[in-house]
Structure formats: structure tokens, C-alpha cells
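Report on the structure given below.
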Amino acid sequence: MYIVPEAMIADLVSREASFEAVEQVFAAMAAKDAYNFPVVREAIDHEDALYGFKGGFDRVGGSLGLKAGGYWPHNLEKRGLINHQSTVFLFDPDTGKVRAMVGGNLLTALRTAAASSVSIKHLARADAKVMGMIGAGHQATFQLRAALEQRSFEKVVGWNYHPEMLPNIEKVANEAGVPFEAVDLPGMADADVIISITSAFAPSLMADHVSPGTHLACMGTDTKGKQEVEAALLARAKVFTDEVAQSISIGEAQHAVAAGLIAESDVTEIGAVINGTHPGRTSDEDITLFDGTGVGLQDLAVASKVVDLAIERGVAIEVDF
Ligand code: NAD
């Protein structure tokens, strides 16, 4: 088997490669060539940790496996380690033999940023100029960096619950040569694309903060009870997701569905837009909303790419196992 340690990932994988891998696997999911296994997520009653597995099989891309890991809230203060910890295991679909073990921390950020970028590519207006950010934490910097590559953005407007964190995303905007302005939530009405990536359990962005024609990528809500935007916004929008089952149970759509504002059948897999079997945005006035819940197949797709690159460059550690 091959081992690709966390420290090697940054030199191996690019935003472009992550984007390609995620776009392909979303398309494969919609074509029913790939599917995710039920997610396991457990509060293990030790170190207040949440631990679990996200797995799947992509018949076309040939990736089979899982990401194991979770959230250890005391890592940073107690041990100087990051709180999110994950590792990807890939298996040979023909034999069941383990193929690779890959550090999953940076990959998670890259594959999550790739997901919102794929949604912007396929759903945002071609003339989008103003990028809106809600959230300024670890993931937000990756999200913004990748999103700015999708359109000719001329300005970034940002809001965060903890305003002292806004310099994190201002720095990314400046590095990309795009001016940044901190705004209040009604200021999001100027945005053509909005990404939300927070750990909120109550909505910040309300339906009347969003202008017609906007594309939203709601990326923070990945657990029951979390919520970033008002449920009424989903009723105004064309709603897309990575996986419908997750969207309506642990994603942003859980609240709109529970309130009877939209039905499961109103939520479309983004892969259908990529494959051309759903038209996606049909007017410059449409509000489109991508509910990015995060699926195991994204992790496997990006990890497979990393293993191939590591082998090609002769840096993968090979172990007889
Ligand atoms: P982080 O701790 O670095 O940042 C958290 C962000 O949430 C900050 O901007 C913070 O100000 C904001 N926030 C905290 N409490 C809030 C509140 N009450 N109301 C509004 N905003 C609040 O975390 P991160 O690593 O950037 O992750 C952000 C979220 O993204 C987490 O909820 C995580 O579970 C989720 N996530 C989703 C995916 C996916 O695939 N969809 C992948 C990775 C992470």
C-alpha cells in the first residue's frame, strides 16, 4: 500500500486538480455511477470528541474507501494540534486490498472549497462581479481563494459573527488583487455570489438580504440543527446540493423541508446540471442555492488524485502490507 502523509499534500495537490476531481464525482453521483455509504458520526464520550466515517464507491473513477476522523475540541489548547483530524483510506475495488492511506486535513478544506467553486461555475451568472462572504474561519479562507478563480470578481464584501476575524478573508481578497469591504448583513444585497461557511445554529442571512440573480453556496451546515440562512430563502431559490438525502436531513434544506416550505423533490443534485440533464439557472433573475453538505466521495476523489500524483512523482511511501 501507499502512504501519503499530511505534510506532503500541499505540494502535491492544486486547487485545479481538486476542482476537477469534485466536479467529476458529482457528475458520477447524478449518473448513478457513484454512491455514498450512510455516514457514521459518534460522540465517543472521550475528550468531547466527535468521530465518524464517510465512505463511498465511484465505479467510474475507481475509488472505494472512507474518510475516518472528526473533531477534537481540546486539541489546540492541550496539545498544539488542529481540532479537525481526518485520514482517508482507499481500497482496490477489484480485490478489497487496501491501496492507500492519505492525510485528510488539508484535503477536506480543498474538496469543500472545490464544491462551492463547482456550484459557482455551473450556477452563478456569467457577469457576477461582487463576491459575498459570510464566515471568516479556517474554511472561509480556502472557500474565498477558490471562488475568486471562477468569475472576474471586482470586489469582496464580507460579514462575520466575530468581526475581529474578518482580516482572515480580507487578506485572501487582497492577495488575489480584489478590494475587500466589511458590510452588515443587508449589505449582502450587493453580492452576485454569496458563500456562507460558519458553524452557526441559527440563521444570519435572511431572505430579504439577497437580491434576485444571486447564487449562494451554503457550506457550513453539515449536521442536524445547524443553520446559516433563513428557511424562506430556500423557498425563493432553485435549490441544488451534492446529495439530496444529506441536504434534507443534515444540510441547509433540513429546515425548509421541516417547515413545509419546500419538498425533497425541489432539491436537485448539482451533478445533473454538470451532466446537462437539468438546466440549472434559466434566468438572470433566478436565485440559485447550493447546499454543500460534504460527501465521502469528494474526499475519495481528491485523495485518489493525490495518490496518483505521489506515485508519478516518486514520493509515495510504499509499504508491503
Ligand atoms: P472555524 O471554527 O474556523 O470558523 C467558524 C466560523 O463560524 C467563524 O467564521 C465564526 O465566526 C462563525 N461562527 C461561530 N459561531 C457563530 C454563530 N453563532 N453565528 C454565526 N457565525 C458563527 O470553523 P471552520 O473550520 O471554518 O468550519 C466552519 C463550518 O464549516 C463548520 O460548521 C464545519 O462543520 C463546516 N464544514 C463543512 C464542510 C462541508 O463539506 N460542507 C466541510 C468542512 C467544514
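The values are calculated or read from the model by the stated rules, or taken from the named source; none is laboratory data. Note that this is a predicted model, so its numbers are computed, not measured. Heads up, the Cβs are rebuilt from the backbone with ideal geometry, glycines too, and the neighbour counts pull from every protein chain shown. What goes into the accessible areas is simple: the full protein's heavy atoms, side chains included, and nothing from ligands, DNA or RNA. Shrake-Rupley method; radii C 1.70, N 1.55, O 1.52, S 1.80 Å.
When you go through Gly251, Gly260 one by one, which is the residue that is at positive phi and not hydroxyl-bearing (Ser, Thr, Tyr)? Being at positive phi and not hydroxyl-bearing (Ser, Thr, Tyr) holds for just one of Gly251, Gly260, which is Gly260.
Within region 273-289, count every residue that is loosely packed, with under 15 Cβ neighbours inside 10 Å and under 21 Å from Ala31 (Cβ atoms).
Of the residues in region 273-289, 3 are loosely packed, with under 15 Cβ neighbours inside 10 Å and under 21 Å from Ala31 (Cβ atoms).
The residue list Thr241, Thr223 contains one member that is of a type outside the set (D, E, K, R) and modelled with pLDDT under 95, which is Thr223.
In this structure, Leu300 does satisfy being in contact (Cβ under 8 Å) with a residue 12 or more places away in the chain and within 15 Å of the ligand (Cβ to nearest atom).
The set of residues in region 1-48 being of a type in the set (A, V, I, L, M), in contact with a Lys or Arg (Cβ under 7 Å, 6 or more places away or on another chain) and closer than 23 Å to Arg145 by Cα consists of Val13, Ala17, Ala21, Val22. In region 164-178, the residues that are within 10 Å of Phe153 (Cβ to Cβ) form Cβ pairs under 9 Å with partners that are within 13 Å of the ligand (Cβ to nearest atom) and not in a helix (DSSP H, G or I), at six or more places apart or across chains, as follows: Ala173/Met133; Ala173/Gly158.
Checking each residue in region 125-154 for being closer than 16 Å to Asp192 by Cβ, outside any helix (DSSP H, G or I) and open to solvent by less than 10 Å² (accessible area, probe 1.4 Å) picks out Ala128, Met131, Gly132, Met133, Ile134.
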